[in-house]
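The values are calculated or read from the model by the stated rules, or taken from the named source; none is laboratory data. Quick caveat, the model's predicted, so the values are computed rather than measured. Note that each Cβ is placed from the backbone with ideal geometry, even for glycine, and that neighbours are counted across all protein chains shown. Protein only, heavy atoms only, side chains kept; ligands, DNA and RNA dropped before computing areas. Shrake-Rupley method; radii C 1.70, N 1.55, O 1.52, S 1.80 Å.
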Amino acid sequence: MNVIRPRERSAIIQSLRAGVTPRVGLEHIQVGRAEEIKALIEDLDGICDGGSCFRLIIGDFGAGKSFFLQLVRYIALQKNLVVMNADLSPERRLCATGGQARSLYKELTRNLATRAHPEGNAMVPLIEKFISEQRRVAQSCGRDTGDVIKERLDSLSELVDGYDFAEVISKYWKGYSDGDDALKNSAVRYLRGEYQTRTDAKRDLGVRAIVDDSNVYDHLKLLSRFVCQAGYKGLLINLDEMVNLFKLPSRVARSANYEQILRILNDCLQGSAERIGFLMGGTPEFLMDPRKGLYSYEALHSRLSENTFAQIAGVVDYHSPVLLLKNLSPEEIYVLLCNIRNVFASGDPQKYLVPDEALTAFLKHCSEKIGDAYFRTPRNTIKAFVDLLSVIEQNPDLKWQSLIGSLSVSAEKADDTPLVTTEEQSVSEDNGNAQTVDDDDELTNFKL
């Protein structure tokens, strides 16, 4: 076993206890999903070769979607891709009119990561890497760096808002060369989507367009081309918690977001997009519900429906845009618990807190309490096991046999509460009891 550093050990344990995915040390606990990972590695290689990819990662609550996305993120960074990730929420959507789409863009740019800066906040290092590369080219050719930068960015002008994007990068170079930190900060604010009005952007940078709800996807495509000019292979965008779109009470809002997903899917699968990939994690209801899921949008239903021949043959089509995460087997759950035990011991088998029979007894207890849900949605099982090891670590005199029998483990349950955004809530309050949300469930409470 490899020795696990204290920082990684602490991060993994704290994340698992909270029921969230660790950002570091994933290789120490990863089990299963071999075919799915192989399929995504092929997608990443396609992005590196100038292509694009679109995948929906579908699994139940607690089935490991977020962990899988983080693992693919880790692999993408190793392949010299730039990665952006964000969780959707009531205030972060793909399409909106009240600033929610721009809020999603800001979160994505805040989490922008490279191999050298895997923790995020890599926008400034990305720009300066681009500038350093152009300075090297200018010095080798005996030319002015500003001219080389403008020439390099000419290809961006063919994209939406590409001219303004290129102008902002040039302004960053001007601030860099003149020692003008205010100009540099203004350029970074623009690239992060922090300007709220065009007037402010024109005053500070001399550009007319800014990132707003209507052009978020266009600016993501600009970023994908820019990161390639900075020396990276492409851009991968991870969007988790897509179920929040399913929970939107307004049919109009859902349709607008599903239409944006359709646009992204068409661009990626038709070859219109280059060196960019989208991974979206959601639940089966988000995909398959005929009234509120993606299948309620006919154009998406036809593109995302399962391969009929794969169904007949009882196999999985790993090249489909939809990747259904298979259940972990009981044997894989056992290996996962072994890995977690190894993390607690920092990779030293002499420091294991519990023997192998304790793992068998723990899984038997979980099976009796919640049935096969302990390997279909293992999040609560893992949290309970981490809690068990934590107690034993702090109280060496306790016996694991006395703790497992009293352990309470519950099956993972989804929160089906519809999401009402701040904007929709304020409208509702302003109109009293008037029906302001276009809810397509208005007949569910009808009584004769």
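In table form, for the structure just shown:
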item: Heavy-atom accessible area per residue - the chain, 1.4 Å, Å²; result: 48 Å²
item: The chain, helix-only ellipticity at 222 nm - DSSP H runs n ≥ 4, -39,500 (n - 2.57), divided by all residues, nearest 500; result: -16000 deg cm²/dmol
item: Check: segment 259-302 dipole with +1 on Lys, Arg Cβ and -1 on Asp, Glu Cβ, in debye; result: 40 debye
item: For segment 100-176, size of Cβ-based charge dipole, Lys and Arg +1, Asp and Glu -1, in debye; result: 280 debye
item: Contour minus Cα-Cα distance for Ser255 and Ile37 (0.36 nm per residue); result: 75.4 nm
item: Only Lys, Arg (+1) and Asp, Glu (-1) charged, at Cβ; segment 34-80 dipole about Cα centre in debye; result: 200 debye
item: Estimated FRET transfer efficiency (Ser132, Asp45; beta-carbon r; R0 30 Å; 0.05); result: 0.65
item: Residue-count net charge about Pro118 - beta-carbon cut-off 9 Å; Lys, Arg +1, Asp, Glu -1; result: +2
item: Pairwise FRET efficiency - Gln311 versus Glu393, Cβ, R0 = 41 Å, nearest 0.05; result: 0.30
item: Relative contact order, percent, segment 1-153 [alpha-carbon distance under 8 Å, six or more residues apart]; result: 12 percent
item: Share of Cα-Cα pairs in the chain lying beyond 42 Å, as whole percent; result: 25 percent
item: All lysines inside 30 Å of Lys202 as judged from Cα atoms, apart from same-chain residues fewer than 8 positions distant; result: Lys106, Lys129, Lys150, Lys171, Lys174, Lys184, Lys221
item: Relative contact order, percent, segment 167-296 [alpha-carbon distance under 8 Å, six or more residues apart]; result: 18 percent
item: Peptides ranked, highest mean first, by Cβ atoms within 10 Å: ranges 180-191, 300-311; result: 180-191, 300-311
item: Potential extension, Glu27-Ser155 segment - 0.36 nm per residue separation minus Cα distance; result: 42.2 nm
item: Mean Cα-pair separation over length for the chain, i.e. relative contact order, pairs under 8 Å, 6 or more apart, %; result: 24 percent
item: 4 °C / 1.567 mPa s Stokes-Einstein diffusion coefficient of segment 187-252, Kirkwood radius on C-alpha pairs, µm²/s; result: 91 µm²/s
item: Kirkwood hydrodynamic radius (C-alpha pairs) into Stokes-Einstein, segment 65-152, 20 °C and 1.002 mPa s, D in µm²/s; result: 142 µm²/s
item: Net charge, Ala101 excluded, C-beta distance under 9 Å - Lys, Arg +1, Asp, Glu -1; result: +1
item: Local electrostatic count at Glu274 - Lys and Arg +1, Asp and Glu -1, tallied over other residues with Cβ under 15 Å; result: -2
item: Segment 106-240 - Rg (one decimal) and Dmax (whole number), Cα, Å; result: 14.3, 47
